[in-house]
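These notes concern the structure reproduced below.
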Amino acid sequence: MKEYVKYIGKRIIAMIPILLIVSFAIFFLLRLSSTDEAAVIIGERQATDELKARVTQEYGLDKPELIRYFDWLKGVVVGDFGKDYDSGQDIGELISSRIPVTLGLVLISSALGLTFAIILGVISALHRNKPLDTGISLVMLFFCSVPSFLVSVLVLLILTKFIPGYSFIGTYNNFGEFLQRISVPAVIMALNQLALLGRVTRSSMVSQLQAPYIVTANAKGLTDKDITYKHAFHNAVIPVLTVAGMSFANAIGGTVLIEQIFSLPGIGGLLVSAVQGGNYPVVQILVMFMLIVYLIMSLIVDVLYVVVDPRVKLQ
Amino acid sequence: MKKRLLSLGLTFVTAASLLTGCSSSSSGSATNTGSGTESAGQDSGDEVTFTIGYPAEPPSMDPKDFNSTACTLIGYDCYDTLLNFSMEGSDLEPALAESWEQVDDTTYVYKIRQGVKFSNGDDMTMEDVLYSMNRVTDEAYSMSYLFENVDSFEVNEDTYELTVHLKQPDATWKYVPATSPCSIVDKKVVEDEGENYGQLSGSCVGTGPYMLKSWESGAEIVTVKNPYYWGDPDTLDVDKVVYEVIADDTSRALAAQSGQIDYARNMSSETLPTYENAKNMTISTYDATDSIFLAFNCEKEPFDDVNARKAVAYCIDKKAYTDLIGGKYATTQGAFILPRTMFYLDEDAWNEANDSLESYQQDFDKAKEALAASKYPDGFEFNYYTVPTYKAGAEAIQSMIKESGLPITMNIIEMQQADQFSVSYGYTTDDDGKRVYDMLATGWTSDWLDPTGYMKNCLYGGSNYQGGANKAAWVNADFDELLSQSYIETDDSIRSKEMLEAMKIAVEDCPYVPMYEYKSNYIINDKFEYEEGPNFFWNFTVANVHLKK
């Protein structure tokens with residue numbers, strides 16, 4: 001247990017330079033474009049020089065960019081995320097209620113996708129080249145190739161048409177409502193992940209089941225159950241976890257469109273309009289947030305390696 | 001061990017979510033509770049809920065920030081302005097001011113209603129009135145341009161009179177008290193909360209028929225009846241207004257179709273069929289003050305030459321452009337960039353002028369003549385700026401110019417969405433400090449029906465500055481003289497004549513190519529009765545939404 005704590009602690013400390021580098025990159029990459037930040041803040045309305053001067057001063061746009069970067073970084077460290085260019089709202093206020101939605105979507109869809117991918121992949125491998133395997137593979141191929149936003153629109157059309165009480169707008173007041181709102185989009189996102197991970201599980205499992213050590217195990221008289229789950233599965237699941245790590249990262253990006261379609265008050269909608277509108281402070285914070293989620297997810301995957309494969313050691 | 005517990009926990013959560021997802025779907029709306037899942041048109045008990053679906057949320061609930069339709073739909077009802085526009089848009093009606101009078105050319109006196117309370121129970125005092133007016137005038141807020149002619153405000157605590165002193169006569173001042181910056185706020189609350197007022201973390205206190213109950217950013221805003229409302233509470237049929245933020249066009253249309261929202265507006269051509277299929281919902285349209293036109297940059301080559309402008313204008317087929325871009329509710333413009341609703345001062349004269357003056361319909365012969373008469377008889381090249389969303393329109397214009405066979409080359413420059421205001425309002429400049437584009441598709445929505453709502457912003461020389469809406473950078477001394485004259489004049493019929501004269505100059509000089517005007521549209525649940533007018537932006541209130549008898 002102690003070495004886990006130590007390992008995780010080390011990994012978290014190692015995240016700090018990554019976060020700093022990315023924050024620096026995102027801050028300056030955004031400002032490479034010639035977009036006039038004061039004009040973005042003023043938006044679509046007539047403005048006098050007086051208003052522009054007031055905006056420039058209020059948002060500190062006249063300071064050198066490096067100083068602005070450190071001001072911003074200082075703010076983020078103490079929890080002051082700055083002001084939204086579009087509405088003038090405090091960004092912390094703006095995103096605090098949205099984070100649970102996005103996080104819920106990512107976690108639920110990833111857990112769901114991974115669990116069912118492994119189950120279906122193993123079943124498929126055990127029934128290799130039989131109708132069950134072909135069936136499962138076909139379904140997976142379908143969900144792997146159809147973009148999830150298309151599935152979302154279709155599902156929404158069907159749900160609103162055939163289930164009169166299905167609601168996909170507004171907010172939630174309790175945990176039950178929260179789950180109800182995010183379950184359908186989470187399942188759709190999971191399907192996409194399931195398709196990819198299931199296919200990896202299947203092929204990895206198939207190659208393990210054909211390996212010479214399985215023949216040895218058979219010869220020694222081990223039961224089928226032991227061979228499949230103790231030996232083949234442990235070895236087969238490692239590449240699956242590697243792909244899962246990447247697929248989780250995709251899931252974070254995938255929430256952007258799905259949240260829009262299911263009008264979920266997550267960070268996705270905010271990110272889309274912020275990127276389009278040149279709303280830099282919001283983009284900066286959301287990119288940092290997504291990066292943190294990604295880093296934590298990959299940490300979880302790394303720890304899972306150790307759990308499933310005793311040959312992998314914490315380092 | 002902990003990790004195992006964690007993964008077990010996750011599996012449990014997912015299973016639970018699947019179950020709840022399924023059960024609530026199959027059992028329908030009967031089990032749904034709470035504002036989010038409350039189906040529009042289904043009211044718990046006698047409570048009447050009116051659910052609005054709109055893609056964006058207001059920047060804040062402070063009237064100083066009210067500058068978009070989102071604010072109109074949910075923010076205005078928390079406040080009252082001094083006056084209101086009449087439904088047809090040209091007259092003014094009492095609101096917080098019971099009566100008003102113009103004492104002389106530059107002095108207006110408003111008699112303020114007594115006994116009005118804010119939604120927190122505080123009395124509305126003359127101090128609040130003075131504070132609210134000074135606040136939007138002194139500080140550079142988004143609507144402060146409305147107050148540039150104000151010299152000072154003065155209140156009399158005993159007689160409840162607000163006196164406005166103007167710097168110079170201004171025929172359009174009479175409209176200003178009916179606009180959102182003239183909402184009265186509670187001085188004590190606003191001063192206490194400072195920057196937080198009206199924000200997610202702050203409060204919203206006004207005298208309007210409804211008051212803010214909750215705001216979940218990105219999702220939902222709820223207002224309920226204000227118990228201290230000064231008007232007759234029995235006239236309010238709607239008890240609760242739920243404003244749902246639904247960013248995606250298709251999802252919003254589906255929400256209307258499945259009865260989750262009672263009201264939506266500005267439906268796009270793509271989603272209109274879905275709305276048309278919505279049961280128990282009716283689409284209505286009304287004449288608004290929106291129009292779309294092309295702007296030439298008159299302060300630099302090649303369009304500093306009037307004949308170069310005309311050569312391009314004569315190449316454009318407005319009808320084809322309108323059909324392609326405008327959608328179902330668009331009508332091709334005549335000679336004026338102003339929409340026809342704004343002709344009300346003297347409809348016959350304005351309509352006649354709009355129809356008979358040069359409207360630069362496609363005519364390649366005339367284009368050729370104009371080019372020959374210009375500084376560039378051998379042709380020229382120009383840059384047309386557009387955002388990706390409107391590229392189809394730019395390409396249409398490009399091909400029309402090509403079709404003319406004239407030696408005019410139009411380059412399409414795609415700008416980022418984020419840069420569009422910077423470019424169109426002239427913040428982005430070339431090396432000479434001039435607006436960067438040669439040509440631009442743009443549009444305008446007037447603050448009121450009075451023609452000044454276009455002329456002052458889009459054509460007046462004084463609006464040609466960085467941040468100004470004179471996107472043609474067109475300055476004409478005769479035009480400016482006539483328009484300024486019309487501001488001093490109080491007789492509407494004389495004003496109308498002066499403005500019409502000025503418009504004739506603008507048409508002849510061709511700084512803009514008028515393209516089309518379009519009706520505004522909205523869809524509303526059949527159980528409600530409601531009608532919208534051209535001044536929707538200032539006039540919308542759920543107090544006017546009634547249950548059908």
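The values are calculated or read from the model by the stated rules, or taken from the named source; none is laboratory data. Computed from a predicted structure; not experimentally measured. All Cβ positions, glycine included, derive from the backbone under ideal geometry; neighbour counts span all protein chains shown. Surface accessibility is based on the protein's heavy atoms, side chains included, excluding ligands, DNA and RNA. Shrake-Rupley method; radii C 1.70, N 1.55, O 1.52, S 1.80 Å.
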With a Förster distance of 35 angstrom and the Cβ-Cβ distance between A:Asp80 and B:Thr235, calculated FRET efficiency to the nearest 0.05 equals 0.20
Shielding of B:135-142 by other chains, given as the mean Cβ count within 10 Å, works out to 3
Shape call, the range A:48-88: gyration tensor on alpha carbons, a/c limit 1.5: oblate
Burial order of peptide ranges A:293-305, B:404-416 (average beta-carbon count within 10 Å, highest first): A:293-305, B:404-416
Over the range A:185-313, what per residue volume does the convex hull of the Cα atoms give, in whole Å³? 113
How large is the convex hull of the C-alpha atoms of chain B per residue, in Å³? 195
Nearest 10, in degrees from 0 to 90: the angle of helix A:148-162 to the longest Cα principal axis of chain A is 90
In vacuum, with every alpha carbon of the range B:376-528 counted as one equal point scatterer, what does the Debye formula give for log10 I(q)/I(0) at q = 0.09, 0.18 Å⁻¹? Two decimals, please. -0.38, -1.18
Could you list, in their original order, any pairs among B:Lys64/B:Lys240; B:Lys111/B:Lys188; A:Lys225/A:Lys313; B:Lys310/B:Lys504; B:Lys111/B:Lys174; A:Lys161/B:Lys548 whose Cα atoms are separated by more than 20 Å? B:Lys64/B:Lys240; B:Lys111/B:Lys188; A:Lys225/A:Lys313; A:Lys161/B:Lys548
About its Cα centre, how strong a charge dipole does the range B:277-398 have in debye, to the nearest 20, once Lys and Arg get +1 and Asp and Glu get -1 at the Cβ? 540
Cross-link partners of A:Lys230 among aspartates and glutamates (Cα-Cα below 12 Å; sequence separation of 8 or more within a chain): A:Asp309
Which of B:Ser214, B:Tyr145, B:His165, positive extreme of dipole for chain B (C-beta unit charges): B:Ser214
Averaged across B:213-221, how many Cβ atoms of other chains sit within 10 Å of each residue's Cβ atom? 6
Rounded, prolate or oblate: which fits the range A:70-136 when a ≥ b ≥ c are the square roots of the eigenvalues of the alpha-carbon gyration tensor, with rounded for a/c under 1.5 and prolate only if a/b beats b/c? prolate
Rough spin-label spacing in nm, given labels placed 7 Å along Cα→Cβ, for B:Gln398 and B:Asp323: 2.2
B:Asp363-B:Gln168 pseudo-label distance in nm [points 7 Å out on the Cα-to-Cβ vector]: 3.8
At a cut-off of 50 Å², which residues of the range B:231-272 become less accessible once all protein chains are present than in their chain alone, using a 1.4 Å probe? B:Ser251, B:Leu254, B:Gln260
Roughly how many Å is it from the Cα centre of the range B:303-342 to that of the range B:492-537, as a whole number? 15
Which residue, chosen from B:Phe293, B:Tyr321, B:Ile337, occupies the Cα position most advanced towards the positive end of the dipole of the range B:255-352, where the dipole is computed from +1 (Lys, Arg) and -1 (Asp, Glu) charges on Cβ about the Cα centre? B:Tyr321
To the nearest 500 deg cm²/dmol, what mean residue ellipticity at 222 nm is calculated for the protein assembly as shown from DSSP H runs of n ≥ 4 alone, each contributing -39,500 (n - 2.57), summed and divided by the residues? -14000 deg cm²/dmol
Estimated buried accessible area (total), pair A and B, 1.4 Å, Å² to nearest 100: 5400
Excluding ligands, DNA and RNA, the carbon-plus-sulfur percentage of the accessible area of the protein assembly as shown with a 1.4 Å probe reads 56
Specify whether the C-alpha gyration tensor of the range A:12-52 places it in the rounded, prolate or oblate class, a ≥ b ≥ c being the square roots of the eigenvalues: rounded for a/c under 1.5, otherwise prolate if a/b is larger than b/c and oblate if not. prolate
Excluding same-chain residues fewer than 8 positions from B:Lys497, which lysines have a Cα within less than 17 Å of its Cα? B:Lys456
Amide N of the range B:396-413 lying under 12 Å from the label point, which is placed 7 angstrom from the Cα of B:Asp378 along Cα→Cβ: none
Quote the charge dipole size of chain A about the Cα centre in Debye, to the nearest 20; the model charges only the Cβ of Lys and Arg (+1) and of Asp and Glu (-1). 1460
Student exercise, the range A:2-96 dipole from Lys, Arg, Asp, Glu Cβ charges, in Debye to nearest 20: 740
Report the calculated FRET efficiency for B:Asp480 and B:Asp431 (r = Cβ-Cβ distance, R0 = 35 Å), to the nearest 0.05. 0.80
The range B:54-89: which residues show an accessible-area loss of 30 Å² or more, assembly versus chain alone, 1.4 Å probe? B:Pro59
Using the membrane-span-like helix rule (whole DSSP H runs, Cα extent along the own axis of at least 27 Å, mean Kyte-Doolittle hydropathy at least -1.0), which helices of chain B qualify? B:2-27
In the protein assembly as shown the DSSP beta bridges are antiparallel at a rate, in percent to nearest 5, of 80
How high is the relative contact order of chain B, in percent, with contacts defined as C-alpha pairs under 8 Å that are six or more residues apart? 19
Quick check: pseudo-label points 7 Å beyond the Cα along Cα→Cβ at B:Asp158 and A:Val308, how many nm apart are they? 8.7
How big is the Rg/Rh ratio for chain A, C-alpha atoms only, Rh by Kirkwood, two decimals? 1.07
Can you give me the angle between helix A:280-308 and the longest principal axis of chain A, using Cα atoms only, in degrees from 0 to 90, rounded to the nearest 10? 20
I'd like the distance between the alpha-carbon centres of the range A:14-64 and the range B:172-251, rounded to an integer number of Å. 30
Roughly how far apart, in whole Å, are the Cα centres of the range A:171-223 and the range B:422-485? 61
Peptide A:270-281, shielding by other chains (average Cβ, 10 Å cutoff): 3
